[in-house]
Amino acid sequence: MNVGTNLGFHGRYATRSLAREGSRSLLAILCVAVGVMAVVALQLVANMVNVGLTGNIRGLNGGDIAVTGARIPAGELAYFDQLQQAGTLATYTAVTTTSGAAQGRHPVARIDRIFSVDPATFPLAGAPAVEAPSSGSLANLLTGASVVLTADLAQQLGVATGDSMTLSLAEGRPATVTVGGIIANNGLFAEPQILLARATYLALRSATAPPLSYDEVYVDVPGHSPARASAVQQQLHSRFPQADVITTTNLLRSNQEQVQGIRSFLQVVGLVALLIGGMGILNTMQVLLRRRRMEVALLKTVGYRRGNLIALFGSEALLIGLAGGLAGAGLGIAGAFVVKRFVEQAFSLALPSQIDPVTVGAGVALGAVTALIFGLLPILQASQVRPQAVLRDQPEGARTASRLSTLLLGLLLAALFFGLTESILRNTLLALELVVGAGAVLGLLGGLFLLLIFLVSHLPVAALLPRAWKTHLRLALRNFGRSRARTATTEVALFTSVFAVGLILMLGQGLKDQYAKPGNAWNATLGIVDSADYVTVAPQLAHTAGVTRQETFRISGYQIVAINGATVQSGGGMEGYDLTHGQLPAPLDITLDRGRLLGSSDAGTRNVMLASGNLDPALHFALGDHITVQFTGKFTGVPANSPALTLTVVGFYTDNRVFAEREGNLLADNAVLTQLAGDKAEYSIALHLDPARADAVLTQFVAAYPGTVWVHNYADLLSQVAAYFNNIMLALEAVVVPALLAAIIIIADAVALAMLERRREQGILKAVGYTSRGILAQTLIEQGIAGMLAGLLAMGCAALAALALARISFQVEIGVSLLVVAAVVLGSAALCVTIGAGVAWSAARVRPLEVLRYE
Amino acid sequence: MAAPSGAPAQAPAGHQPPALEARAICKSLPFARARIEILKGISVRIASGELVALVGPSGSGKSMLLGILAGLDMPNSGQVFVAGADITQMSESRLAVVRNQQIGMVFQAFNLIPTLTAQENVEVPLYVGRHPGKPARRARELLGLVGLSHRLGNKPSQLSGGEQQRVAIARALATAPAIVIMDEPTGNLDKTNSANVPQLIRELRAAMGATFLIATHDAEVAAAADRAIAIVDGMVAA
């Protein structure tokens, strides 16, 4: 007999057995598909991110070298000209960055990226994708009084190509410009921005604007040679020590590290989904093989050995794996586009739509391997069945050798999964951490649930219940504690998905509630540059519709020159409070970390508070430190003969604002600011505006007082952050879905297996008078208990995790909504009851004679 | 016990090893802190080509003895020789080979694999170990011998009880074993089908020279045997 004959028999046996199992086989295939889908989708997205961040590196960098982070006076461009004439550079282009406001059909009060460029040379690399008009380049779009907008900004302003809009530069006057073109948000142009020709910019600047300078210079070297770029980088760094000089090699390395981090994260998430899917496969295969114990016993009777059984049932597992792999790979392709959209919106990236056939093919193979790995344990367990015990229907009993072999098989499974993980992650340490970590967490959870199941199953039944319900409850509790290991597995699977759902809900709800608190209600800032203008501008706010709350602070830049007499160099922003008249740092706005809050008694003193999270850690600030500061201007630096003040640190605080930025990292009495900055101190008015009117109100003030006021519109930022937050939440929920599906499958399998094992018992109960409804009720009560137990523990852990995450990642204190907790716990119970009803409905209707006569 | 008329005489001992021999088989089971003796030193010897019935009242230990003789269970003491080899000293792996090549088993409940056809069910033992010829051909031949040539492609659910039992018998003969052990082969059959079983067994013995050991309550089956071994209270009745 040849191998082909054997394979033919295995194939026929496997396909017909799977077809006979019907929905159970589908469940197993679904488990594989879910895990493969997650891995393939996230791997494809990682590939897209890789191409997006490393594909066109010159385009992302703007050229071979990017010089940014420092203001380069216009005169310094002569240096670049010299290098070009000497042949050191091939070409360069300089960009000025400014901010302003714009009004099209809608206003946008604050635009931080307005770039003045030389259309003839910009950009050196990574030309923008022009969406409108259909053909065009920056050179022919930036002519006259035309500007080019990114697509998202055009949408915000409600303008299209050819429309007119008003543009107000921070250092200029409002002027009417034409939308010359709209470009896509990607590469250098990923963020919302306006491009205008240098000539247009110069025409819009006011006469009193600071001298022209450049914020970015992009350079190409001859032949785009990395070695030449590196040499030029050294020269530019020496010339402009304050600037960041980045070559394409630097950017590529940085992006590759970022991509690797993103790839590892996505792979780990995919593998976790695969692990949970694997638990579903294991569970389902156990049910499938348990139902065929008689067949296994028969095969052993006719001489099948363990190896033969592994080959036979392994063929079934392989078929399940291939089918699940194919389905999962297909779903993964669709899922990749969904996740891609979330990632693009969340991280302002433009990713290419690419499907890598190797990844898809590997996904199919992954399905087969996963099914074989997770199917191995139930196959080996099934092969240990004693034919005599099964054929004579004797109880197998829990043998020590059986428990030991299960433990060893579990370790083998872990080792095989480690191998699979390592092959995907290509990082042995990370794979080990993932497998060991997951194993430890699952083991701990399993142990905890074993204990809880034991305790719950021994709970006394209340004597006050009606007799029938007392019996149902008593039997349900007893059944709950019967197969503790299997029930614990089900509980762990349910815990995992309920925990994830609960964490997302509680963290999201908590942060939204935090945003609604008065302390975080500021959604705009209006700054007045010249203190003399304050008396004119500030009273207007009180009469402006849409302004619901305001508070004024004086602000100034400062430079630290010494700490406790030792010379240092650092700086920041100072925020002044009118302590004399009772304007105190409010506990809602800030949280005191160490020391004390400034109070009325600090009026007129030089006592100050420092922000804990916004200081140079190398300076080791401490309570009681005496810091010597001087005034520093935003563009002018420390003026000559600027007075030095010595301040005393009396407290450290954490800013409670979630989204709105504070103007400084040092809080002081207004008297300190007056001594420090005199009339150079600015005013910052924190506002809460009606979000629907925020843009209009701020644009009105910018237009009315050009060059006098500046604005920060957090209403836009808040809606962007809210959208970003929603995308993150949606992405997380999408990741949770596979785990939830796998948990549902595991619960269904557990109920099916339990009903199978209890057939005779149920037949006997019915023979003595129990009804189908009563038997179903016991099963549903048992499932409800399982759902409540897992839900309660999961939500408890999720609440703790949400509180910790909010404090550590967002530096805010959130509350726990009991309504959310109750809803999720009840939802978990309802889910288990529903699944139990679906699976046990027909099994509970077993005819006693049918069961008792045959068995 | 005297052999029924018309039955072949027992083969003279010593010319070839018996198909099956059990020596002083003892088996007990735990009960609370004590043990209950089920089999108390049973010895049997079945020569090649014999048709032997194993009879006895319920609870006498027939089924347990059958399981031990078939290599599905181990005695607490004693030995079992199948075609001259002591199976009580074998590893599980080696025992599987013996079960495949030397022992055929027929169960009261047929125990056919529901997803396989009649022919495929008979082929099952031929896919492990080394067997001459093609499994499909052998299966067709055996099903022809039991009168089921017209049912090759039918699944068990499409066969009557009697037909299923005949498939099970054909399967047991697939590897030309030293002995076919049958546990209440007529237990799940109606009277008509039950009556056909003894005739079928005689025909198979004549055609293939197979050796049969049949545990049965059926008087007709017992009467068809060359001799009967009675088990009472875990011992061979005198």
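When A:HIS224, A:HIS712 are arranged by Cβ crowding within 10 Å, least crowded first, meaning fewest neighbours, the order is A:HIS224, A:HIS712.
Mind pulling the angle between the C-alpha long axis of helix A:248-290 and the longest principal axis of chain A? Nearest 10 degrees, somewhere in 0 to 90. The answer is roughly 20 degrees. Under 16 Å Cα to Cα from A:LYS340, which aspartates and glutamates show up? Leave out anything in the same chain fewer than 8 places away. Qualifying aspartates and glutamates at Cα under 16 Å: A:ASP356, A:GLU733.
Let me check against my output: what whole-number percent is the relative contact order of region A:524-690, with C-alpha pairs under 8 Å and at least 6 apart? It comes to 40 percent, rounded to a whole number. Per residue of peptide B:134-144, the mean number of Cβ atoms on other chains within 10 Å of the residue Cβ is 1. Note on B:LYS134: aspartates and glutamates with a C-alpha under 18 Å away, same-chain residues under 8 apart excluded, are B:GLU120, B:GLU123.
Here the calculated FRET efficiency for A:SER137 and B:SER91, from their Cβ-Cβ distance with R0 = 51 Å, stands at 0.05, rounded to the nearest 0.05. The angle separating the long axis of helix A:467-480 from the principal Cα axis of greatest extent in chain A is about 80 degrees.
This ranking places A:THR370, A:THR98 by how few other beta-carbon atoms lie within 10 Å of each, fewest first, which gives A:THR98, A:THR370.
Counting only DSSP beta bridges whose two residues both lie in the protein assembly as shown, roughly 75 percent are antiparallel. Between the C-alpha center of region A:766-799 and that of region B:114-136 there is a gap of 46 Å. Extension gain A:ASP593-A:ALA542, at 0.36 nm per residue separation less the Cα-Cα distance, in nm? Separation in residues times 0.36 nm, less the Cα-Cα distance, equals 14.9 nm.
Look at A:CYS797, A:CYS832 and count the other Cβ atoms within 10 Å of each Cβ; fewest to most, that gives A:CYS797, A:CYS832. Residue ranges A:841-848, A:311-318, A:262-269 sort as A:311-318, A:262-269, A:841-848 when ordered by packing (mean number of other C-beta atoms within 10 Å per residue, highest first). Each part reduced to its alpha carbon centroid, region A:78-104 and region A:1-74 end up 43 Å apart.
For chain A, relative contact order (Cα pairs under 8 Å, six or more residues apart, normalised by length) works out to 16 percent.
Legend: mean number of C-beta atoms from other chains within 10 angstrom of residue C-beta atoms, peptide A:302-313, equals 6. Pairs exceeding 30 Å between alpha-carbon atoms, taken from B:LYS27/B:LYS191; A:LYS300/B:LYS155; A:LYS300/B:LYS40; A:LYS766/B:LYS155: B:LYS27/B:LYS191; A:LYS766/B:LYS155. Checking every one of the trypsin sites (Lys or Arg not before Pro) in region A:287-336 against DSSP loop status and a limit of 16 other Cβ atoms within 10 Å picks out A:ARG291.
Averaged over the residues of peptide B:118-127, the number of Cβ atoms from other protein chains lying within 10 Å of each residue's Cβ is 4.
Helix B:135-145 and the longest principal axis of the C-alpha atoms of chain B enclose an angle of approximately 80°. The separation of region A:803-841 from region A:398-449, counted between C-alpha centres, amounts to 27 Å.
The numbers here are math on the coordinates, done by the rules we state, and not lab data. Note that the structure is a prediction, hence the values are computed from the model and not measured. Note: ideal-geometry Cβ built from the backbone for every residue, glycine included; neighbour counts use all protein chains shown.
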